[in-house]
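Worksheet: one structure, shown below.
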Amino acid sequence: MRTVKDNSLIITDGNGRHLLSIREELEAQTALLELDGAITIDIAHDFEDELISLVTVCDSVILDFARVTGICSQGLRVLLNIQKILDKRVNGSLLLRNLGQEVDAIFKELGFDGLFEIQT
């Protein structure tokens, strides 16, 4: 289930259990998204929908992973797709920041740490 509260998209399962929330701030052509939860196979499509809608109006996306506890392969695919879209733009950029230890380990293990701009 998807609900919007203030500047946040909140994704829950059928029992109301929190899966992921995405808090969004827009400034000019830049979107800052603060993520909270895990990017699992169950919500990867919702995550992609949100990012695709953002890159229709923004050239720069910053994803704050400080409160992300995990990411699945479909979530990584979403990030790659968004990176490809933004790479085609003159001022396009995707910045991932504050990767926690678990998420950072996933990126490094799969070699994704070299595919994205990552800020600690």
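The values are calculated or read from the model by the stated rules, or taken from the named source; none is laboratory data. In this text the structure is predicted, and so the values were computed from the model without any measurement. Don't worry about glycine lacking a Cβ; one is built from the backbone with ideal geometry, like all the others, and counts go over all protein chains shown.
Going through region 25-74 one residue at a time, which ones are of a type outside the set (Gly, Ala, Ser) and touching a Lys or Arg at 6+ places or on another chain (Cβ under 8 Å)? Spell out how you get there, then give the answer.
Initial filter on region 25-74 (of a type outside the set (Gly, Ala, Ser)): 25-27, 29-30, 32-36, 39-43, 45-52, 54-59, 61-65, 67-69, 71-72, 74.
Selection gives Leu33, Glu34, Leu35, Asp36, Asp46, Asp59, Ile62, Leu63, Asp64, Phe65.
Out of Asp104, Asp113, one residue alone is in contact with a strand residue (DSSP E or B) (Cβ under 9 Å, 6 or more places away or on another chain) and in a helix (DSSP H, G or I). It is Asp104.
Here is a yes/no grid of residues against (1) closer than 18 Å to Ala105 by Cβ; (2) among the aromatic types (Phe, Trp, Tyr); (3) part of a helix (DSSP H, G or I):
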| site | (1), (2), (3) |
| --- | --- |
| Leu9 | no, no, no |
| Arg23 | no, no, no |
| Leu35 | yes, no, no |
| Leu54 | no, no, yes |
| Val57 | no, no, no |
| Leu63 | yes, no, no |
| Leu76 | yes, no, yes |
| Leu80 | no, no, yes |
| Ile85 | no, no, yes |
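Here the condition is being closer than 24 Å to Ser73 by Cβ, buried (at least 18 other Cβ atoms within 10 Å of the Cβ), at pLDDT below 95 and not β-branched (Val, Ile, Thr); of Leu20, Leu9, it holds for Leu9 alone.
Among the residues of region 87-101 satisfying the criterion of being assigned to a loop (DSSP other than H, G, I, E, B) and either in contact (Cβ under 8 Å) with a residue 60 or more places away in the chain or of a type in the set (Lys, Arg) (or both), which is surrounded by the most Cβ atoms within 10 Å (Cβ to Cβ)? Here the answer is Arg89.
Just a yes or no: is a residue in region 85-95 under 15 Å from Arg2 (Cα atoms) and modelled with pLDDT under 95? Checked region 85-95: no residue is under 15 Å from Arg2 (Cα atoms) and modelled with pLDDT under 95.
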